[in-house]
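Here the structure is laid out as structure tokens; the discussion comes afterwards.
Taken together, the values in this text are just the output of simple stated rules run on the coordinates, not laboratory data. Note that this is a predicted model, so its numbers are computed, not measured. Every residue, glycine as well, gets a Cβ built from its backbone with ideal geometry; the counts of neighbours run over all protein chains shown.
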Amino acid sequence: MKSSNTWFEFFINQLIRISGYSAIVFVLMIFFFLLREGLPTLTEVPLRSLFSVRWYPIEDLFGILPLIGGSIVVTIGAGLVAIPLGVGTAIFIAEIAPRWAREILKPLIEVLAGIPSVVLGFLGFIVLASLFRRLFNLPTGLSAFTGSLLLGAISIPTIVSVAEDALDAVPRAYRDSALAMGATEWQTIWMVTLPAARSGVLTAIMLGIGRAIGETMTVLLVTGNAPTLPTGLSALFRPIRTMTATIAAEMGEVAGGSTHYHVLFFIGITLFIISLAINITASAVVFRQRRRAERILS
Amino acid sequence: MNIIRLMKLITYVVLILFLFFATSCGASSTPQENGDVGEEPGVYIENEGSDTIVNLALAWAERYQSIRPEVRIAVTGGGSGTGIASLINGTVDIANASRQIKPEEIESARARGIDPKEFVIARDAIAVIVHPSNPVDKLTLQQISDIFSGKFNNWQELGGENRPIVRVSRETNSGTHVYFLEEVLRLGEQDNDTLFSPDTLLLPSSEGIIAEVRDNPNVIGYDGLGYITPDVKVIAVARNEKSSYILPSVDTVNNGEYPIARNLYMYTDGEPKGAIREYLNWIMGPEAQEIVRELGFVPISDESIAKSAGSEN
């Protein structure tokens, strides 16, 4: 009995350990594959034409700047929509809403997370694009703005559920002490609960942004996919083409091993580096603030 | 202690072997399954490529399967480039293309031991379309070229309302895109290197183009005649200022009057045999060509093929 138990223990332990290590292995393998397929770009396409402003692969024009710009514009737009709304919703659910409202809101947000992005994109293409064109008198509604709004909607559930968990984890005593010292409910939320849950809320925002920058189907449908370099604020209301949509739209046509194929993987590397940079910045910020908080407390 | 180490090692090895075994099993079983289907009385034909042709290919496949129930035909779209790439990779039996195979593609096919064989299976006109409320109703090829290359940016310059021009095109993997670039933007001239204006919207599907043209009065787009619905306005096109403006139709395509018409192709690996040969013969026959007419494409007739060959040379 005892020996079979230890065998079982041992087996389960190893299985869990392997699952843990496998994440590292997979990331390394993906990164290796990306590098192997993408780096030949640097020898095949001169840097000057790679960082130029015209993307037209069937004529060997591989300027990736408009694609990077397009991704950045929609991601910033999505952040502007999703961060206030997402964090606001999380605060409402965790701090303000009565119990019954909370019971309804949480599952609803989860349902929102379950809507496939292609469905949202299709709705955006059919309904929102036409509506925004009329509303803002735009040349076309297939623009970065429509994309930002939908990407915002896609990131909100991620932000809400992670941020809500973080707020929920703040000890009850923090709020009670603040209220006891005469702080209003808003002051308690803004100056005590939110700062205490800061690292979790920041993680929530980063996950949301990561979701937005990597989203493909929706932007492919609603942003118009015109590879123009965004300049100035008006770019938000013009068509753009993102890195993800480019890879999705063009991967099917390329012959394996061609320059175009390598450039698409190079775009993948660029995307990977951008999201890595976002994540590292975020954890650096969280880490620094935690250190400072610890110093103050000690 | 040593025994535990050993046990650990064994577990890892077993797990890794298991993973390898599982993946290699998955990889090797698929071709076998396909092979089995080919040898059974039922025949399986894989058909992929041009989105322009996909509806036609589906209609053909449906009718053919009702005549020959033992044949199963799987049709998918994705674009001409996609279909030809799959033919080169050896994953389809028939590739549909709305443009001719490029010399580079033939080269990379040969390098993989694939010998693409071409069949003209129908003809198609590309209609230039605008919103029904747009007063502009006729353009020359030169004007269309200047619109899409970005020289004209307001409908006023073409006798329309004071509205910005929004250009809509298929993605670059579409044969329609490539054909429109070569025959309209570059007017069929070899040394012309006009490009689409960078702010041209590149939509992933023909339906997307129709939806945007139907909705937006600023838009000009183009699409295969088979996709045109009655709620968009078709522009009459002239070869130059002196020739007459012609609307696309079966007659104007077959008599060579409408300037933006092309052949539609199917490609096979080498001379087709057996079921694929029979299917292609049926496609060239009267029953299948009647379906071509029903779907708004132009059936092939000996004279129209002769004419197209004449105009392309």
Quick query: amide H of B:S197 versus all other amide H atoms, modeled in the peptide plane; which residues come in under 5 Å with a sequence gap of 5 or more or a different chain? B:S149, B:G150
Separation of the B:E161 and A:Y21 label points, Cα + 7 Å toward Cβ, nm: 6.8
Relative to chain A, whose Cα atoms define the longest principal axis, helix A:2-38 and its Cα axis are tilted in degrees, nearest 10, by 40
At 0.36 nm per residue, minus the direct Cα-Cα distance, what do A:F31 and A:M191 gain on full extension? Give it in nm, one decimal, please. 53.5 nm
Nearest 500 deg cm²/dmol is fine: what mean residue ellipticity at 222 nm does chain A get from its DSSP H runs of n ≥ 4 alone, each adding -39,500 (n - 2.57), divided by its residue count? -23500 deg cm²/dmol
Highest mean packing first, using Cβ neighbours within 10 angstrom, the peptides A:138-148, A:193-203, A:273-283, A:152-162 sort as A:138-148, A:152-162, A:193-203, A:273-283
What aspartates and glutamates does A:K106 reach when the alpha-carbon gap must be under 14 Å and sequence neighbours fewer than 8 apart in one chain are set aside? A:E95, A:E164, A:D165, A:D168
For the protein assembly as shown, restrict the atom set to alpha-carbon positions and state the Rg and Dmax in Å. 29.2, 98
Suppose R0 equals 51 Å; then what is the FRET efficiency for A:F287 and B:N154 from their Cβ-Cβ distance, rounded to the nearest 0.05? 0.40
How do A:227-236, B:94-103, B:125-134 rank on mean C-beta neighbours within 10 Å, highest first? B:94-103, B:125-134, A:227-236
Spin-label point model (7 Å from Cα, Cβ direction): what's the B:E107 to A:I115 distance in nm? 4.9
For the stretch B:162-171, in order, what is each residue's ³J(HN,Hα) by Karplus, 6.51 cos²θ - 1.76 cosθ + 1.60 with θ = phi - 60°, in whole Hz (x at glycine and Pro)? 7, 9, x, 8, 10, 8, 10, 9, 6, 4
Excluding B:R112 itself, what net charge comes from residues whose Cβ is under 14 Å from its Cβ, given Lys and Arg +1 and Asp and Glu -1? -4
Fraction of beta bridges assigned by DSSP in the protein assembly as shown that are antiparallel (%, nearest 5): 60
Per the Kirkwood formula on distinct C-alpha pairs, the Rh of the stretch B:71-190 is how many angstrom? 16.8
Ellipsoid semi-axes in whole angstrom, largest first, where each is sqrt(5λ) of the Cα gyration tensor of the stretch B:250-305: 24, 13, 9
Proximal aspartates and glutamates to B:K242, defined as alpha-carbon separation beneath 15 angstrom and excluding residues fewer than eight positions away on the same chain: B:E257
Considering the Cα trace of the stretch B:178-313, what is its radius of gyration and what is Dmax, both in angstroms? 17.2, 51
Enumerate the aspartates and glutamates that B:K117 could reach by cross-link, defined here as Cα to Cα under 18 Å, with residues fewer than 8 away along the same chain left out. B:E46, B:E48, B:D93, B:E104, B:E105, B:E107, B:D269, B:E271, B:E278
B:E287-B:A74 FRET efficiency (beta carbon distance; Förster radius 25 Å; 0.05 resolution): 0.75
Rounded Å value of the spacing that divides the Cα centres of the stretch A:115-185 and the stretch B:257-275: 50
Taking the Cα centroid of the stretch B:40-62 and of the stretch B:164-196, what is the distance between the two, rounded to the nearest whole Å? 28
Provide the FRET efficiency to the nearest 0.05 for the B:A236-A:V53 pair, computing r from the beta carbons and using R0 = 35 Å. 0.45
Label-point gap, in nm, between A:L42 and A:E9 - each point 7 angstrom along Cα→Cβ: 5.0
Measure up B:K102/B:K273; B:K102/B:K233; B:K138/B:K233 against 21 Å on the Cα-Cα distance and list the ones that go over. B:K102/B:K273; B:K102/B:K233
